[in-house]
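> Below is the structure I would like to discuss, written out as structure tokens.
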Amino acid sequence: MRNCPSCGNYTDTCAWRMDFLVPFEFTQPQYLAWRKCACGMIYADNETITQADYDKYYRERYGYGVNDEQQQQRMDSRAYLVNELARDRDARIVDFGGGEGGLKHILEKRYYMRDVHSVGAGDHIPHNIDILIAEHVLEHVYDMREVMLKFRNVKPGGVVIVDVPDAERIAEELPPEMPILDYHQKHINHFSFADMVGMMNRHGFSLQRFFSYEERFMPCRCYIFRRRVIDVFESSRAYVEKNVAEKVKKLKALGDKPVIVWGLGDIALHCLSQHMPNVMYFVDNDPAYEGAVVADTPVLDSVEDDYPIVIIAQSQKKKLIENIRSIGVKNRIIEI
């Protein structure tokens with residue numbers, strides 16, 4: 001049993017089941033239970049099969065009739081794209097699940113790339129990868145978590161190029177004479193745009209661009225992702241905590257002197273929740289605050305005495321000061 005490739009959650013809902021006759025000694029499942037996750041991703045499951053079974057099948061049985069003119073054109077196009085994205089000839093390039101190395105040959109012979117690797121989907125891959133190409137691989141993968149762990153060998157700022165069948169366009173456009181669409185033993189992950197972007201984003205890759213094309217009458221999509229250089233959550237938390245701590249420190253430095261706080265934006269309300277100085281009253285012209293009381297302190301719409309004015313703001317600080325001076329208020333301003 002496996003979890004959803006896109007969101008990582010588990011669903012035991014089987015939408016429908018497809019049974020197959022399996023040739024002797026083929027390591028393919030005898031049936032596939034098609035599941036639809038709550039996130040929308042459609043994928044196949046079978047509790048008797050493993051990624052090792054799929055790896056063995058693709059290594060020993062798969063590939064006849066796959067190499068043709070359209071595939072060659074796609075490889076030429078991807079090689080051109082890699083050359084466009086590579087910083088230099090020594091960029092480390094990995095063709096993930098690329099078979100016998102057709103793309104590797106093009107990159108080496110036509111574009112003079114010096115560090116190109118063709119790696120099977122079940123094999124170890126190099127570290128510090130600049131560009132990883134996964135052309136029509138991910139729709140075949142049973143253990144997506146294992147593959148995504150390998151994708152972490154792409155260095156921060158590095159690129160992943162992914163080609164997969166386009167599940168949405170297939171459902172909309174394929175003619176009725178193709179009775180099972182793209183649902184068979186080999187394509188066990190059906191990626192819509194949202195599924196692919198969601199999965200890659202969850203594993204630290206941001207979408208840069210994408211484009212659609214057709215191959216063997218099948219609608220497909222190519223995605224270009226970049227591995228995020230920073231952890232957005234950790235970076236944001238560290239930034240917020242540091243800056244708020246500095247502002248709270250300045251508020252505490254006011255001691256017991258009476259002050260007016262002008263402006264009740266979110267940053268002011270947050271900082272004041274950490275430390276409340278000796279605020280005589282607040283001033284805010286927003287009609288929403290008319291008659292309001294914050295922390296047992298009234299909110300007025302104008303200054304009534306000469307206490308220092310404290311401004312706790314971010315992007316609006318300069319505008320607030322300009323507004324205060326424009327209406328003739330002369331009080332000393334303390335910027336927090």
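Each value in this text was obtained by applying a stated rule to the coordinates, not by laboratory testing. A quick note: this is a predicted structure, and the numbers were derived from the prediction, not measured. FYI the Cβ positions are ideal-geometry reconstructions off the backbone, even for glycines, and counts take in every protein chain you see.
> Pick from SER235, SER118, SER326: which residue has the top mean-square fluctuation in a GNM of the chain where Cα pairs under 10 Å get a spring?
Among SER235, SER118, SER326, the largest mean-square fluctuation in the Gaussian network model of the chain belongs to SER326.
> Continuing with the same structure: What is the angle, in °, between the Cα long axis of helix 51-60 and the longest principal axis of the Cα atoms in the chain? Nearest 10 is fine, range 0 to 90.
40
> Oh, and also: Using the structure shown, list the pairs from LYS257/LYS330; LYS155/LYS242; LYS242/LYS330; LYS247/LYS319; LYS109/LYS150 with a Cα-Cα distance above 22 Å, or answer none.
Distance filter (> 22 Å) returns LYS155/LYS242; LYS242/LYS330; LYS109/LYS150.
> Just add up the charged neighbours of SER236: K/R +1, D/E -1, any other residue whose Cβ is under 13 Å from the Cβ of SER236.
Surrounding charge for SER236 is 0.
> While we're looking at this one, here's another question. Cut-off under 24 Å on the C-alpha distance; same-chain residues fewer than 8 positions from LYS36 excluded. Which lysines are left, in chain and number order?
Those lysines meeting the cut-off are LYS186.
> Of ASP55, ASP286, ASP182, which is the most mobile in a GNM of the chain whose springs link Cα atoms less than 10 angstrom apart?
ASP286
> Just the number: Rg to Rh for the stretch 271-336, Cα atoms, Kirkwood Rh, two decimals.
0.92
> Placing unit charges on C-beta atoms (Lys and Arg positive, Asp and Glu negative, everything else neutral), compute the dipole magnitude of the stretch 251-335 about its Cα centre in debye, rounded to 20.
440
> For the pair GLU25 and ASP266, what calculated FRET efficiency results from E = 1/(1 + (r/R0)^6), where r is the Cβ-Cβ distance and R0 = 45 Å, to the nearest 0.05?
0.10
> Name the most mobile residue of PHE233, PHE193, PHE96, meaning the one with the largest mean-square fluctuation, in a Gaussian network model of the chain with Cα contacts below 10 Å.
Greatest mean-square fluctuation among the candidates belongs to PHE233.
> Select one label from (i) -0.58, -0.91; (ii) -0.62, -1.02; (iii) -0.50, -1.01: the one whose number is log10 I(q)/I(0) by the Debye sum over Cα atoms at q = 0.08, 0.13 Å⁻¹ as derived from the coordinates shown.
(i)
> Okay, next question. Taking the stretch 119-220 as the region of interest, what is the percent of Cα-Cα pairs per 5 angstrom bin, listed from the shortest bin to the one with the maximum distance?
Going out from 0 Å in 5 Å bins, the stretch 119-220 shows 2, 11, 23, 24, 18, 12, 7, 3, 1, 0 percent.
> Return the whole-Å distance between the Cα centroid of the stretch 1-78 and the Cα centroid of the stretch 144-191.
If we compute the Cα centre of each part, the gap is 10 Å.
> What aspartates and glutamates does LYS250 reach when the alpha-carbon gap must be under 15 Å and sequence neighbours fewer than 8 apart in one chain are set aside?
Filter leaves GLU241, GLU335.
> Given labels modelled 7 Å from the Cα in the Cβ direction, how far is it in nm from THR297 to GLN316?
Roughly 1.7 nm, to one decimal.
> Roughly how big is the chain's charge dipole about its Cα centre, with Cβ charges of +1 (Lys, Arg) and -1 (Asp, Glu), in debye to the nearest 20?
Computed about the Cα centre, the dipole is about 1280 debye.
> While we're on this one: With a cut-off of 13 Å, note down the residues of the stretch 125-155 whose backbone N falls inside the zone around a label point 7 Å from the Cα of THR50 toward its beta carbon.
Once the point is set 7 Å along Cα→Cβ of THR50, 143 turn out to lie under 13 Å by backbone N, inside the stretch 125-155.
> Between ASP306 and LEU207, what is the FRET efficiency for a Förster distance of 56 Å, r being their Cβ-Cβ separation, to the nearest 0.05?
0.50
> Relative contact order of the chain, please, whole-number percent, based on alpha carbon pairs below 8 angstrom and at least 6 residues apart.
11
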